[in-house]
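The values are calculated or read from the model by the stated rules, or taken from the named source; none is laboratory data. Quick caveat, the model's predicted, so the values are computed rather than measured. Cβ placement follows ideal geometry from the backbone for every residue including glycine, while neighbour counts extend to all protein chains displayed.
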Amino acid sequence: MITKKIKQVAQIAAREAGKEIKKIYDRPGKIKFTLKSKHQVVTVADKLADKIIIKKIRKIFPDHDILSEETGSLDFASKDYLWIIDPVDGTTNFTIKNPLFSVSIALAYKGEVVYGVIYAPILEEFYIAEKGKGAWLNGKRIKVSSESNYLKAFHTYCYGSSKLFYGRQANIYHQKLFLAGCEIRQLGAATIEFARVAAGITESIVIPGAHSWDVAVGMLLVREAGGKVTDFKGKNWNLQSKNIMATNGKVHNKLLKYL
């Protein structure tokens, strides 16, 4: 199911894409972008990273399906394997030279995410998650925090494509936790926010209206680090879920009451 070749392709593709987008990031001056929708920006880096990753996958696994934020769905012969790609998660951060962005590549087998990598080239952080095998940061095993008091925990949030609807939901959630006395921030890159939970740095991330390419790897990373991932009703998250909450598990039920 998860072969050595699958792992190699995912890791090499993420590192090569990250290397190229870092070159663009390091150029002096402003990074140009265009609007692909009312609330979403895209840069040459997104498109370049997308091509690099898809080319790598197609070369070794020509019959696998691919879902990418930039390209959409590329269906081939396979009904079992689906690669889920976000070539630059946190594009707005990228455009303003905020280092919180990453390359994200996940693999789903028969509808279940089983492997994934997140590479944040400026932070020099490389995350790997494998179903049933654990989660790692730069080769070291990671686990969620042991904080059980949600008032002492650190929380993050984001929202999906509809700023009017999902953004409103996210802002209401933020306001509720803020008024309760919690520390809560929006970091601008879902993958980084999930990774922080998995590494025990923060305790939760909430995203209404989440896209699968934004959260697939992060979901697996948190679960494999010992955390809990559900929808807003407390049911296990899957690729068909629209809303997602990932926590260290100890503050999960308390936070669900705020949604």
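All conditions but one from (1) crowded, with 17+ Cβ neighbours inside 10 Å; (2) touching a strand residue (DSSP E or B) at 6+ places or on another chain (Cβ under 6 Å) apply to Asn93; the one that does not is (2). Look through Ile172, Ile201, Ile192 and report the one residue that is assigned to a loop (DSSP other than H, G, I, E, B) and β-branched (Val, Ile, Thr). Every option except Ile201 fails the conditions.
Where strands (runs of 3 or more DSSP E) sit wholly within region 1-84, those with at least 3 residues that are modelled with pLDDT of 90 or more occupy 65-68. Name the residue that is surrounded by the fewest Cβ atoms within 10 Å (Cβ to Cβ), counting only residues in region 209-236 that are modelled with pLDDT under 95 and of a type in the set (A, V, I, L, M, F, W, C). Only one residue fits best here, namely Trp213. Among residues of region 238-250 that are farther than 13 Å from Glu193 by Cα, those with a Cβ under 9 angstrom from a residue that is surrounded by 20 or more Cβ atoms within 10 Å (Cβ to Cβ) and among the acidic types (Asp, Glu), sequence gap 6+ or separate chain, pair up as Lys250/Glu203.
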